[in-house]
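Enquirer: The following block contains the structure, expressed as structure tokens.
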Amino acid sequence: MHPKRRNYDGKTLDIVNITKEDILLTVSPSPLWKPPAGRQKGAVQSEYKASDFYQGNQSKEIVCLSANSTWTGQEYRTLLQDGTLSLSKPASLDACVLHLGRPHRPETWRGKRGWEGLEVLVKDGLKVPWRFYRFKVNRTHHRLVILPYRALANFLADIPSATPLSDLLLPGTHDTLAFYGYPVSQCQSPTTPLDVQLQSGIRVFDLRFSIIDGVLIAYHGASPQFTPYLKVLRTLADFLRSDLGRSETVICSIKQEDGAQGRFQLFSHLVRAGIDNPEMRDIWFLENRIPTLAEVRGKAILLSRFGDDGEGWEGGTEGMGIHPYTWPNSVKEGFSWVLKDTWIRMQDWYAIPTFLSIPEKFERAVRLLEPPQKQSLDRRSLPPVPVVPILRRRSTSSSTSTISESKHGLDPEKPVVEFPHTLSITFFSAATFPLALPQTVALGFGWPQWNLGVEGVNVRLGRWLLDKVAGDEVFPVNALQEQETQSRQADPGKRLSGWTLLDFYEWPLLEAGIVPLLVELNFVGRREFRRAA
């Protein structure tokens, strides 16, 4: 039986428990909640009202929501006169309190499809075992999502070592070190330097340097970002050698930002000199392939967007880490290339005309997180994104080559080739002066709920991820949706994966924002991960 929607004054609240624990929902007054000074208890009413608060034989005041379940379509009485809901483990006297009578994050909650991460009221020193999100199914129907509290600093420790990195959904930052140059060049907040990003679960870094007085300094375009290359290497090494970092891996894309001035060989030499330093060399993975997690725990993977001929590197271009043989500039449709047994799909359309293109930019970026319709490359039909022709170049290694057409099936005589793995790398960033600045694209502006502004990419991505975690496709509200959900879940290959690169990744709330959702989707619905946990 599926609950029927009722017409009533108020809003319906679904509660979805995506943890591995039973949770008690309590609507009786909690000793943890104290109204702010100057406010009478009962002055603020919860917006969720209904005719009944009852499920099965449970108490009308305390309901047990079992692990990995949902309580859908129930209509609540006023949760409390002050609009709070208390949650605790069945065997625990400690509880955390959610205040649902007001938006916690108006900047993401506003709008027809608003969402927000919720802050929690707890006793001093009490560790909150869950993360909470709320989103709007529609104007009168909201959904509260309870996720396990997973430590972001070492979340890869919970993932089986045999997992290829192409199968993971990894948070990343575009122009990782671009903290200055607002409004044109800044892409990250100065409050999130590299060490903070590492602790926050960021695992893909877009590092861009220029040669200044013979050393590499972080730059974005013509705007200096002041962080030296060697300092970046030390920060990475300190993290990967720490107790938390030994289980982790990071992907470091390095690009020459002053390429217009030439000096390509010098740039490549300076990058290699830093990596070859005896204090650094042991943390780097420099093979030109996509490894498994077991091979790179405690290591940094180089993605080299420089050094076309591989001169000076052991093995030539095969010893420069993941080495794209093509990267066309701002291709709207995206592009793809082949690396050994992996088909790599790319989306890096950044030169959008104006902020009016934000919806299209988001749709093109987010679609790469879903598996391709067909994991093969067929010359007789169009793939999801165009394949850029192979660009030949010289390699300093006679025993290896960057790409072999016959080996990887790009020979016209072999029109269909199956690839064991697919990797998506997608940039959610864009910037064009003056009508699509980085902050505008990422965060949006105005009042979109009144058609007086535009929702940014980050808001759209957060809601899209919540739909994948706890939307109607996952927790159906009727029999038809349930049949469709079972059909999708029967196909184990349909999982989200990809490396995502964001501007202002911490907005609007670091601990209950986009990154925890990206991390959790590595675990939701993946049976093998559950067994390994």
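Enquirer: Cβ-Cβ under 6 Å, sequence separation 6+ or interchain: first residue in the stretch 509-533 and small (Gly, Ala, Ser), partner at pLDDT 60 or above and surrounded by fewer than 18 Cβ atoms within 10 Å (Cβ to Cβ). Which pairs?
Expert: As it stands, the answer is Ala532/Pro160; Ala533/Asp158, since those pairs meet every condition given.
Enquirer: Moving on to the next point. Might you let me know whether the stretch 202-210 holds any residue that is on the phi > 0 side of the Ramachandran plot and touching a His at 6+ places or on another chain (Cβ under 6 Å)?
Expert: no
Enquirer: Among (1) buried (at least 22 other Cβ atoms within 10 Å of the Cβ); (2) at pLDDT below 90, where does Leu147 come up short?
Expert: With (1) buried (at least 22 other Cβ atoms within 10 Å of the Cβ); (2) at pLDDT below 90 applied to Leu147, the lone miss is (2).
Enquirer: In the stretch 437-456, which residue that is in contact with a Leu (Cβ under 9 Å, 6 or more places away or on another chain) and more than 14 Å from Trp115 (Cβ to Cβ) is least open to solvent (accessible area, probe 1.4 Å)?
Expert: Taking the candidates together, the pick is Ala442.
Enquirer: Still on this structure, please answer the following. Determine if the stretch 392-399 includes at least one residue that is open to solvent by less than 10 Å² (accessible area, probe 1.4 Å) and either more than 30 Å from Phe362 (Cβ to Cβ) or modelled with pLDDT of 90 or more (or both).
Expert: No, because not a single residue in the stretch 392-399 is open to solvent by less than 10 Å² (accessible area, probe 1.4 Å) and either more than 30 Å from Phe362 (Cβ to Cβ) or modelled with pLDDT of 90 or more (or both).
Enquirer: Taking Val477 as meeting all but one of (1) under 28 Å from Gly114 (Cβ atoms); (2) touching a helix residue (DSSP H, G or I) at 6+ places or on another chain (Cβ under 7 Å); (3) at pLDDT below 70, write down the number of the exception.
Expert: Against the list (1) under 28 Å from Gly114 (Cβ atoms); (2) touching a helix residue (DSSP H, G or I) at 6+ places or on another chain (Cβ under 7 Å); (3) at pLDDT below 70, Val477 comes up short only on (2).
Enquirer: Among the residues of the stretch 213-229, what is the count of those that are surrounded by fewer than 16 Cβ atoms within 10 Å (Cβ to Cβ) and in contact with a helix residue (DSSP H, G or I) (Cβ under 9 Å, 6 or more places away or on another chain)?
Expert: 2
Enquirer: Suppose we filter the stretch 157-192 for residues that are surrounded by fewer than 16 Cβ atoms within 10 Å (Cβ to Cβ) and without any contact (Cβ under 8 Å) to a residue 40 or more places away in the chain; how many remain?
Expert: The qualifying residues number 1.
Enquirer: Counting only residues that are open to solvent by 20 Å² or more (accessible area, probe 1.4 Å) and within 23 Å of the chain's Cα centre (by Cα), how many does the stretch 258-299 have?
Expert: Number of matching residues: 7.
Enquirer: Go through (1) closer than 30 Å to Ala222 by Cα; (2) in a loop (DSSP other than H, G, I, E, B); (3) under 21 Å from the mean Cα position of the chain (by Cα) and name the single condition Tyr182 misses.
Expert: If we test Tyr182 against (1) closer than 30 Å to Ala222 by Cα; (2) in a loop (DSSP other than H, G, I, E, B); (3) under 21 Å from the mean Cα position of the chain (by Cα), just (3) comes out false.
Enquirer: Restricting to the stretch 192-228, count the residues that are in a loop (DSSP other than H, G, I, E, B) and touching an Asp or Glu at 6+ places or on another chain (Cβ under 8 Å).
Expert: 4
Enquirer: Every residue in the stretch 300-325 that is surrounded by fewer than 22 Cβ atoms within 10 Å (Cβ to Cβ) and either touching an Asp or Glu at 6+ places or on another chain (Cβ under 8 Å) or within 24 Å of Glu360 (Cα to Cα) (or both), please.
Expert: Within the stretch 300-325, Glu318, Gly319 meet the criteria.
To keep it simple, each residue is scored yes or no on (1) among the hydrophobic types (A, V, I, L, M, F, W, C); (2) in a strand (DSSP E or B).
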{"site": "Val271", "(1), (2)": "yes, no"}
{"site": "Ile290", "(1), (2)": "yes, no"}
{"site": "Leu303", "(1), (2)": "yes, yes"}
{"site": "Asp308", "(1), (2)": "no, no"}
{"site": "Thr326", "(1), (2)": "no, no"}
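Enquirer: Of the residues in the stretch 116-174, how many are β-branched (Val, Ile, Thr) and assigned to a strand (DSSP E or B)?
Expert: The total comes to 5.
Enquirer: Still on this structure: List every residue pair whose Cβ atoms sit under 6 Å apart, with the two residues 6 or more apart in sequence or on different chains, where the first one lies in the stretch 442-460 and is assigned by the TED database to the domain that holds Ser357 and the second, anywhere, is surrounded by 12 or more Cβ atoms within 10 Å (Cβ to Cβ) and among the polar types (S, T, N, Q).
Expert: Going by the 6 Å Cβ cut-off, the qualifying pairs are Ala442/Asn458; Val459/Thr108.
The values are calculated or read from the model by the stated rules, or taken from the named source; none is laboratory data. All values derive from a computational prediction rather than experimental measurement. Backbone-built Cβ (ideal geometry, glycine too); neighbour counts: all protein chains shown. Note: accessible area is taken over every heavy atom of the protein model, side chains too, but ligands, DNA and RNA are not part of it. Shrake-Rupley method; radii C 1.70, N 1.55, O 1.52, S 1.80 Å.
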